[in-house]
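K.L.:
Got a structure for you, written out below as structure tokens; questions coming shortly.
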Amino acid sequence: MKVTVKLFASFQTGRFKIEIRDYPDQTLIGTVVRELNIPEGEVGILLLNAVHAKLEQPLNEGDLLAIFPLVGGG
Amino acid sequence: MDKILRIDMSATGGPQQSTEKAGEFAALGGRATTSTIVAKEVPPDCHPLSAENKLVIAPGMLSGTAAAISGRISVGCKSPLTGGIKESNAGGQAAQVLARLGYAAIIIEGLPEGDDLYKIHINKDRVEISVDNSNKLLDNYPLIDKLRKEYGDKVAFMSIGTAGERLMVSASIACTDPELRPTRHCGRGGVGAVMGSKKIKAIILDDAGCTNRPPRDAERFKTANRAFVEGIRKHPVSGEGLPAYGTNVLTNVLNEAGGYPTRNFKTGQFEDASKISGESQAELEIARGGKATHGCHRGCVIQCSGIYNDKDGKFLTKQPEYETVWSHGGHCGISDLDTIATLDYWDDNIGVDTIEMGVAIGVAMEGGVIEFGDDEGAIRLVRDEVGKGTPLGRILGGGAGMTGKAFGVTRVPVVKNQALPAYDPRTVQGIGVTYATSTQGADHTAGYAVATNILKVGGDVDPLKPEGQVELSRNLQIATTAIDSTGLCLFIAFPILDQPETFQSLLDLLGGFYGIEMTGDDIVALGQKVLTLEREFNKGAGFGPEDDRLPRFFQTEKLPPHNLTFGVTDAELDQLYNWD
Ligand code: SF4
């Protein structure tokens, strides 16, 4: 299945900003994060189709996954 | 900070000054000081631009000490924008200098007769209030250039641009940064118009010969400060994200979450958000020889700001903050960072709040004055209309509410007539509660529920649901009111919300400085006390529960992509102030 993955802030360094990637059906978000060599502890915000998600959630065809480190502002 | 300077601009024969003992204010600061004095001394039903209003300037409880990141200055008055009480704070050097000079507050009251324009020069030995009409109708950058020649580079300036002189209710008070640029503004609520009504163009603060304020318990204070700095540095938000990308790192976050108000709150996602994101901005700043990391005052250990150079590598403005990039960017359908930076420069130069100005322009776009996405048009409106005080400029300078009325716009994003910042309350329901209920009008900093709703700092409350938002906003509003009194930058909230030991070091910092024991309960009590008196003031000014509401369209228009409306009920909003 195809999933659009977007990376932000420091996660872009040495990786990419946006990519359409191929995964086996029902791949977990956590698996994607690990495959990208992002330490789980550094993940701040996961948005799956604009809704907050957890590492153990499975992905579906056509999903948009945004991965951010912990960030803030105001 | 054992004294208060009082300046009566109405006195016969010209402004009179007197110094009084600080009393209860010696151990208070910032918002607690300004709001207590305004509530005590200003009739809530007075006209904000009349002689009865007072402008109160106060450094924070820890300003002028060796405490890290303690340089926020608070300005208080009755707001000409909201008609309620106002505390607007900014960084820059002023707080540290004023505190080292020993002042817990400056209270400016009355109105002078005639058209003369004054400046106030304060140093260790004296306070001089003098007429200087050569400063008339100068904007902030040329004004500061001129004043630097007169007073040198070892001072801090607070000033108003032409918007303040023209009494526009979006006018700010500028504070200079360490390089003496007028880039840090007490922006919200029209405090610059109150300063302008009192005919004060500039305050020059010179602390030559002064030293840092000494702590009562030096050992405890020093240890606490070390732990505090360590806590700030080790938290990913204050230690990495903010220094590297600034607050504008939020553009992508809010956009991905569908809470980025686009083209005057019509949708929650902007197709060009990535072009104006903090990531793009930092890259551009570095490529042009600017800086992606810069502190607004000496002693800031986060350094969320930066230096934005133009195409030729020349200084254009400080790094525009997230709120500014949004108000002049996505809110107006504008996706060019140079346009946004140019608007930021003009806002600072004329001396207007970047949020109020950007939102007003987006509302004017909705009203057909110019098209959404018209970069040149937006610059023209700010530089040539607001900056020259034309009739159209005065409408825009009157804020988003006035602009909406002038052009028959029904979707006008204001609460208590103050423009909403960069988070849509339909997608970030917690911040909607803060917008609706804050004593200050729509203000994200008053209780930053975005942290818990979206960023997942300090807990996790679902942003799309109304449940738990009132309690969240209440707790944050109380804590923020206390932090706004310490002089510490609000961005310390990220580490202290997540790291109990860093919160403890904050308590020890205050306790060590004043030689007392501070607990979390003391912080809560201080926050509640100040909020209660602010609310009482607003009641006296004519505000009731019906003013603690979002504009109706947030309940009637669904926001894509989540297609939600604001779900917190009026009855729930009325429960926010449940302690008095
Ligand atoms: S973190 Fe940013 S706003 Fe806060 S004091 Fe530092 S530079 Fe100023």
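K.L.:
So, of the residues in the stretch B:259-305 that are within 15 Å of the ligand (Cβ to nearest atom), in a loop (DSSP other than H, G, I, E, B) and open to solvent by 30 Å² or more (accessible area, probe 1.4 Å), which turns out to be farthest from residue B:96 (Cα to Cα)?
P.N.:
B:303
Residues checked against (1) more than 15 Å from the chain's Cα centre (by Cα); (2) among the hydrophobic types (A, V, I, L, M, F, W, C); (3) open to solvent by 10 Å² or more (accessible area, probe 1.4 Å):
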site: B:48; (1), (2), (3): yes, no, yes
site: B:51; (1), (2), (3): yes, yes, yes
site: B:71; (1), (2), (3): no, no, no
site: B:80; (1), (2), (3): yes, no, yes
site: B:84; (1), (2), (3): yes, no, no
site: B:91; (1), (2), (3): no, no, no
site: B:99; (1), (2), (3): yes, yes, no
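K.L.:
I'm checking my understanding of the structure. Among residues of the stretch B:451-476 that are within 14 Å of another protein chain (Cβ to nearest Cβ) and outside any loop (DSSP other than H, G, I, E, B), which one is surrounded by the most Cβ atoms within 10 Å (Cβ to Cβ)?
P.N.:
Step by step, filter the stretch B:451-476, then rank; the result is B:453.
K.L.:
Give the residues of the stretch B:569-580 that are within 20 Å of residue B:428 (Cα to Cα) and in a loop (DSSP other than H, G, I, E, B), sorted by residue number.
P.N.:
B:569, B:574, B:575, B:576
K.L.:
Among the residues of the stretch B:244-258, how many are aliphatic (A, V, I, L, M), open to solvent by less than 20 Å² (accessible area, probe 1.4 Å) and either more than 14 Å from chain A (Cβ to nearest Cβ) or part of a helix (DSSP H, G or I) (or both)?
P.N.:
Of the residues in that region, 4 qualify.
K.L.:
For residue B:80, all conditions in the list (1) within 16 Å of the ligand (Cβ to nearest atom); (2) touching a helix residue (DSSP H, G or I) at 6+ places or on another chain (Cβ under 6 Å) hold save one; what is the number of the exception?
P.N.:
(1) is the only condition that residue B:80 fails.
K.L.:
Okay, moving on. What are the residues in the stretch B:129-167 that are outside any loop (DSSP other than H, G, I, E, B), in contact with an Asp or Glu (Cβ under 7 Å, 6 or more places away or on another chain) and open to solvent by less than 40 Å² (accessible area, probe 1.4 Å), if any?
P.N.:
B:140, B:162
K.L.:
Shifting gears a bit: Does any residue of the stretch B:366-375 turn out to be of a type outside the set (Ser, Thr, Tyr), assigned by TED's automatic domain parsing to the domain that holds residue B:265 and under 28 Å from residue B:195 (Cα atoms)?
P.N.:
No: zero hits.
K.L.:
Within the stretch B:397-408, count every residue that is free of Cβ contacts under 8 Å to residues at least 60 places away in the same chain and outside any helix (DSSP H, G or I).
P.N.:
2
K.L.:
Within the stretch A:1-21, count every residue that is within 22 Å of residue B:239 (Cα to Cα), away from chain B (no Cβ under 11 Å) and in contact (Cβ under 8 Å) with a residue 60 or more places away in the chain.
P.N.:
0
K.L.:
Please tell me if residue B:222 is over 21 Å from the mean Cα position of the chain (by Cα) and at pLDDT 95 or above.
P.N.:
yes
K.L.:
Please work out which one of (1) charged (D, E, K, R); (2) part of a helix (DSSP H, G or I); (3) touching a residue at least 24 places away in the same chain (Cβ under 8 Å) is the condition residue B:411 fails and give its number.
P.N.:
(2)
K.L.:
Against the condition touching a helix residue (DSSP H, G or I) at 6+ places or on another chain (Cβ under 7 Å) and within 14 Å of the ligand (Cβ to nearest atom), how does residue B:493 come out, does it pass?
P.N.:
yes
K.L.:
While we're on this one: For residue B:209, state whether it is under 18 Å from residue B:94 (Cα atoms) and assigned to a loop (DSSP other than H, G, I, E, B).
P.N.:
yes
K.L.:
Just to be sure I understand, how many residues within the stretch B:218-243 are open to solvent by 10 Å² or more (accessible area, probe 1.4 Å) and either facing another protein chain (nearest Cβ under 7 Å) or not in a helix (DSSP H, G or I) (or both)?
P.N.:
Here the count works out to 2.
K.L.:
Return yes or no: is residue B:30 out of contact with any Cys (no Cβ under 9 Å at 6 or more places or on another chain), open to solvent by 10 Å² or more (accessible area, probe 1.4 Å) and small (Gly, Ala, Ser)?
P.N.:
no
K.L.:
Can I ask one more? Test residue B:251 against the stated conditions and say whether it is away from the ligand (no atom under 15 Å from the Cβ) and among the polar types (S, T, N, Q).
P.N.:
Against the criterion (away from the ligand (no atom under 15 Å from the Cβ) and among the polar types (S, T, N, Q)), residue B:251 qualifies.
K.L.:
Tally up the residues in the stretch A:15-45 that are part of a loop (DSSP other than H, G, I, E, B) and either within 11 Å of residue A:68 (Cα to Cα) or open to solvent by 80 Å² or more (accessible area, probe 1.4 Å) (or both), please.
P.N.:
Number satisfying all stated conditions: 7.
K.L.:
Does residue B:338 satisfy being assigned by TED's automatic domain parsing to the domain that holds residue B:254 and open to solvent by 10 Å² or more (accessible area, probe 1.4 Å)?
P.N.:
Here the answer is yes, as residue B:338 does meet what is asked.
K.L.:
Using beta carbons and a limit of 7 Å, which pairs, at least six apart or on different chains, have the first residue in the stretch B:429-457 and under 19 Å from residue A:44 (Cβ atoms) and the second one open to solvent by 10 Å² or more (accessible area, probe 1.4 Å) and of a type in the set (Asp, Glu)?
P.N.:
Listed pairs, sorted by first residue: B:452/B:460; B:457/B:498.
K.L.:
Residue check: is residue B:283 among the charged types (D, E, K, R) and under 25 Å from residue B:184 (Cβ atoms)?
P.N.:
Taking the combined requirement at face value, the residue satisfies it.
K.L.:
Within the stretch B:306-324, take every residue that is in contact with a Leu (Cβ under 8 Å, 6 or more places away or on another chain) and more than 15 Å from the ligand (Cβ to nearest atom) and give me the one that is farthest from the other protein chains (Cβ to nearest Cβ).
P.N.:
For the stretch B:306-324, the residue satisfying everything is B:310.
K.L.:
When you look at residue B:329, is it closer than 30 Å to residue A:15 by Cβ and either within 16 Å of the ligand (Cβ to nearest atom) or over 20 Å from the mean Cα position of the chain (by Cα) (or both), yes or no?
P.N.:
no
K.L.:
With the condition kept exactly as written, say whether any residue in the stretch B:38-59 is in contact with a helix residue (DSSP H, G or I) (Cβ under 8 Å, 6 or more places away or on another chain) and within 16 Å of the ligand (Cβ to nearest atom).
P.N.:
For the stretch B:38-59, residues in contact with a helix residue (DSSP H, G or I) (Cβ under 8 Å, 6 or more places away or on another chain) and within 16 Å of the ligand (Cβ to nearest atom): present.
K.L.:
Restricting attention to the stretch A:46-74, and to residues there that are at the interface with chain B (Cβ under 9 Å from one of its Cβ atoms), in a loop (DSSP other than H, G, I, E, B) and hydrophobic (A, V, I, L, M, F, W, C), which single residue is surrounded by the fewest Cβ atoms within 10 Å (Cβ to Cβ)?
P.N.:
A:50
K.L.:
Ok, one more. Based on what the data block shows, is residue B:421 in contact with an Asp or Glu (Cβ under 8 Å, 6 or more places away or on another chain), over 17 Å from residue B:326 (Cα atoms) and not in a helix (DSSP H, G or I)?
P.N.:
no
The values are calculated or read from the model by the stated rules, or taken from the named source; none is laboratory data. The model shown is predicted, which means the values in this text are computed figures rather than measured ones. Positions of Cβ are generated from backbone atoms using ideal geometry, with glycine treated the same way; all protein chains shown enter the neighbour counts. For the accessible areas, the whole protein counts, side chains as well, though only heavy atoms, and no ligand, DNA or RNA atoms are used. Shrake-Rupley method; radii C 1.70, N 1.55, O 1.52, S 1.80 Å.
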